[in-house]
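Read-outs: derived from the displayed coordinates by stated rules, not from any lab. As the structure is a prediction and not an experimental result, all values here were calculated from the model. Counting neighbours? That spans all protein chains shown, and the Cβs are built from the backbone with ideal geometry, glycine included.
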Amino acid sequence: MEKKHNRSLGGKLALWVFYAFCGYFIWAMGHYFWVISKVNAVSGPIIDGEVGSTAGKWLGALLGFLLLGAVGLILGAIAWYTRPRDVAEN
């Protein structure tokens, strides 16, 4: 008969931290895109290339996505590493 393996306390904590971060990631991305959608494009040579422009806002959102994605990958790797493993019975 196959024995059901359970996560250790540290594994459960790692998994819940990963779940909480996923929720935060979704909220943060929604917030970034909500803010960007409210930015009005202003044409003119004064605004071109500035961080306050539409392109600057999109670049900030992309960098935020990459940073949060990297943190999510690290937390996901920790949660995966602490998963219960199958142990062969001898």
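Summary of values
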quantity: Label-point gap, in nm, between Val35 and Leu68 - each point 7 angstrom along Cα→Cβ; calculated: 1.0
quantity: Integer Hz, Karplus 6.51/-1.76/1.60 couplings in order for the stretch 30-36, x for Gly and Pro; calculated: x, 5, 4, 6, 5, 5, 5
quantity: Positive minus negative residues near Ala14 (Lys, Arg vs Asp, Glu; Cβ under 15 Å); calculated: +4
quantity: ³J(HN,Hα), Karplus 6.51/-1.76/1.60, whole Hz, each residue of the stretch 62-71, x for Gly, Pro; calculated: 5, 5, x, 4, 5, 5, 5, x, 5, 5
